[in-house]
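Below: one structure, written as structure tokens.
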2 protein chains.
Amino acid sequence: MSLIVQKFGGSSVANAERVYNVARIVTDTYAQGNNVIVVVSAQGDTTDDLIEKAKEINPNPSKREMDVLLSVGEQISISLLAMAIEKLGYPVVSLTGWQAGFMTDSNHGNSRIRRILTERLDNELSKKNIVIVAGFQGLNKYDDITTLGRGGSDTSAVALAAVTHADKCQIFTDVDGVYTADPRLVKGAVKLDEITFDEMLELATSGAQVLHNRSVEMAKKYSVNLEVLSSLERKPGTIVKEVVSVEKMLIKGVARDDNVARISVLNLPDTPGVAFKIFSLLAARKINVDIILQSIGRDNTKDISFTVPLDNMDLAVQILNDNLSTFGGSKVVSDDTVSKVSIVGAGMQTHSGVASKMFEALSEARINIHMISTSEIKISVLIDRADSAKAVNAIHDAFMPAK
Amino acid sequence: MSLIVQKFGGSSVANAERVYNVARIVTDTYAQGNNVIVVVSAQGDTTDDLIEKAKEINPNPSKREMDVLLSVGEQISISLLAMAIEKLGYPVVSLTGWQAGFMTDSNHGNSRIRRILTERLDNELSKKNIVIVAGFQGLNKYDDITTLGRGGSDTSAVALAAVTHADKCQIFTDVDGVYTADPRLVKGAVKLDEITFDEMLELATSGAQVLHNRSVEMAKKYSVNLEVLSSLERKPGTIVKEVVSVEKMLIKGVARDDNVARISVLNLPDTPGVAFKIFSLLAARKINVDIILQSIGRDNTKDISFTVPLDNMDLAVQILNDNLSTFGGSKVVSDDTVSKVSIVGAGMQTHSGVASKMFEALSEARINIHMISTSEIKISVLIDRADSAKAVNAIHDAFMPAK
């Protein structure tokens, strides 16, 4: 007998018909002799509707009360899914985050799971119940409701799989797996049968929307057997694991991130500690800096350029201008018309020429590269946003010729 | 410094504007130097909308899952009201039923409060927080969410007032107090300044909608200083207490209950135990029987007539027909065109002639009386429903001549 954790996102339970679709997937899995724990998100637009309700009353509510409000979204989903499973004639019980034992820190709106107390879960599983758990939510040490922030339900599912030593954690989405590029953007995009945790992680942080990087990090840390698959089509998805069986492809995917902006600080003194001052100021305001480029010093000055998420650009520019005198630059300039395009693949570690092949593809498509950043299994370039779709297609064609 | 419990129903928090109205009442009370605990119901139609969602998925869901679903209604209200109070600049915290320590039995959908663990409440009050509590909900010993059933939020408020030894429990509604009759029905209806628990209880069980009898019973048991008042107009309401200061009025109110039907079982054997058999059958199916009339035996047979809630009539008739042979009647007849009209007042205990004055008023209005029932402080009559409005006015005029 296996224990399987299945996670369904908001669009998978958006209406009564889809709730039944999920109920059938779950009960089929149970009927095959498995124990099943199901994690669900809030239905479709519920979270947005609740945020709207809150803003109408207070544009700047406390995060604690926001968590009390938002957590009802998943509570609605778990009870409705349980009712559908009851109707199909299977034993089922729904559990909120706190009932399922999710203990988190007190960072309301973006909490981290500290531990999961599995007594209730174990008890329900031993009674042969299908257990439906509200994703995205937990309880802090003061008995206050918390939420996990973006991608929280994925993280809930992986954490449950880790703590219960589940045989498999299936993340159901509206796509049928992980693709070599966004299928809506690239005609020849191919679904991957397998991908490593590290590759998935680089893809997740490079703009691919399939899995949130927090959940992938956790799956890697606890060696959770992860699968991404479709809730609408019954067919195998993409397996995410530590080592994939055969490293057939040089790269696993091409990802695009349009939520990026470039900032440059010009004419900084060419002395030690300048970069530290700049990036510690931004880190203190929780602004993530990605690609960093420092010009070679000349005339005892240098320029530093870097990328930040697009929605942090204005704040970052303001912070830097406010502190320009402390680190001694002449000017802060920003550009919000750029995109980051990345290729990811463990295969490139052992193959030379991957970067040059990427640059060649971009050159042939007459696309100018502003910045370059590399890791062991990823190469990212910053280009004009207007070129980003063309770039993804050109790179994809170069590495993965159409079948 | 006083501790005041304030309860607001669903219509009082139906939209953002009304939530602010409530927030202002609460913060004004707090600004006057009081500790304040606020109990709120689900907003307007939220509960009906949630029931609709459930029925779409499963017309007959388990009561446990229904409680998980319905309890989100109050959770939305408490967070929104807390956000409004934050906006007004006051310290506030919202608590769900389980966070506020409401421990109940496991009768899902209609639970009774067993006890309230006040540690969290005391803690929040000592921090000078306004405490917003979700009414209508609690937790059973298995850590499952329960709901209290009809009138549950009133009961939550009174229970909190009892356990915290509050100085006052204010129930805010859309009327400004308890009236001698329904003001929509009787032109000369007068608002009462004071009423006893027993009178309020008799009125509540006689069709007056102001307070649910469970909450009044609890207020009487724990001597909670209760006030019914309007959330829309700032003026004193009606005080409900053990003994009212001066017994000025012979009767306190005239109430009408249209949710009533009469059932008769004809030609029963005139032997002991027959009534017991009938009423224990109905009690087993939780059908409440109100007025009971037994005819004087003749030819060794008798008839028994009684009233039940209108929506229980068909079930009661079916049960009686199914068991007719076991108690030996000849026929079950029912009438769903009747109403119960009652007068209530502690004053009638010490005044003779109250009943005859009531019957005289009905006689003069040419209204036929089908059944009569009396308690120490109440007289009820069963009449044709078509006459009920006329009857309430005639009786009200007889006892409370227009000022």
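B:Ser71 passes every criterion in (1) within 20 Å of B:Val158 (Cβ to Cβ); (2) touching an Asp or Glu at 6+ places or on another chain (Cβ under 7 Å) apart from (2). When restricted to residues that are farther than 18 Å from B:Leu229 by Cα, of a type in the set (A, V, I, L, M) and in contact with a Leu (Cβ under 8 Å, 6 or more places away or on another chain), the range B:141-159 contains 1.
Checked against the criterion of being closer than 26 Å to A:Gly101 by Cα, at the interface with another protein chain (Cβ under 9 Å from one of its Cβ atoms) and surrounded by fewer than 24 Cβ atoms within 10 Å (Cβ to Cβ), the range A:6-22 contains not a single residue that satisfies it.
Could you grab me the full set of residues in the range B:60-77 that are at the interface with chain A (Cβ under 7 Å from one of its Cβ atoms) and either within 20 Å of B:Ile37 (Cβ to Cβ) or not charged (D, E, K, R) (or both)? Listed by number, the residues that qualify are B:Pro61, B:Ser62, B:Val68, B:Leu69, B:Val72, B:Gln75, B:Ile76.
Under the condition of being in contact (Cβ under 8 Å) with a residue 60 or more places away in the chain, under 16 Å from B:Val228 (Cα atoms) and in a loop (DSSP other than H, G, I, E, B), the residues counted in the range B:183-196 number 2. Among the residues of the range A:79-130, those identified as facing another protein chain (nearest Cβ under 10 Å), of a type in the set (A, V, I, L, M) and open to solvent by less than 50 Å² (accessible area, probe 1.4 Å) are A:Leu80, A:Leu81, A:Ala82, A:Met83, A:Ala84, A:Ile85, A:Val92, A:Val93, A:Leu95. Summed over the range A:30-59, the residues that are surrounded by fewer than 24 Cβ atoms within 10 Å (Cβ to Cβ), more than 7 Å from chain B (Cβ to nearest Cβ) and more than 19 Å from A:Leu148 (Cα to Cα) give a count of 9. Could you give every pair whose Cβ atoms fall below 6 Å, whose first residue belongs to the range A:76-87 and is under 8 Å from B:Leu69 (Cα atoms), and whose second residue is of a type in the set (D, E, K, R), counting only separations of at least 6 or pairs across chains? Cβ pairs passing all conditions: A:Ser79/B:Glu65.
Yes or no, residue by residue, for (1) open to solvent by less than 20 Å² (accessible area, probe 1.4 Å); (2) outside any loop (DSSP other than H, G, I, E, B); (3) modelled with pLDDT under 95; (4) among the acidic types (Asp, Glu):
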site	(1), (2), (3), (4)
A:Ser153	yes, yes, yes, no
A:Asp198	no, yes, yes, yes
A:Ser206	yes, no, yes, no
A:Val210	no, no, yes, no
A:Val216	yes, yes, yes, no
A:Lys220	no, yes, yes, no
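When residues in the range A:259-287 are screened for being exposed (fewer than 15 other Cβ atoms within 10 Å of the Cβ) and touching a Leu at 6+ places or on another chain (Cβ under 8 Å), 2 of them pass.
The residue list B:Leu226, B:Leu320 contains one member that is modelled with pLDDT of 90 or more and either in contact with a Lys or Arg (Cβ under 6 Å, 6 or more places away or on another chain) or under 26 Å from B:Val5 (Cα atoms) (or both), which is B:Leu226. Among the residues of the range A:339-355, are any without any contact (Cβ under 8 Å) to a residue 24 or more places away in the chain and over 30 Å from A:Thr196 (Cβ atoms)? No, that holds for no residue. For the range B:64-103, a residue qualifies if it is among the polar types (S, T, N, Q) and under 18 Å from A:Asp143 (Cβ atoms), and the qualifying residues are B:Ser71, B:Gln75, B:Ser79, B:Ser94, B:Thr96, B:Gln99. Against the list (1) surrounded by fewer than 19 Cβ atoms within 10 Å (Cβ to Cβ); (2) closer than 25 Å to B:Ile116 by Cα; (3) within 16 Å of the chain's Cα centre (by Cα), the condition B:His165 fails is (3). Checked against (1) touching a Ser or Thr at 6+ places or on another chain (Cβ under 7 Å); (2) within 28 Å of B:Thr180 (Cβ to Cβ), B:Asn267 meets all criteria but (2).
The values are calculated or read from the model by the stated rules, or taken from the named source; none is laboratory data. Keep in mind that what you see is a predicted model, and the values were worked out from it rather than measured. In this analysis, Cβ positions are derived from the backbone assuming ideal geometry, glycine residues included, and neighbour counts consider all displayed protein chains. Heads up: the accessible areas ignore ligands, DNA and RNA and are worked out on the full protein's heavy atoms, side chains in. Shrake-Rupley method; radii C 1.70, N 1.55, O 1.52, S 1.80 Å.
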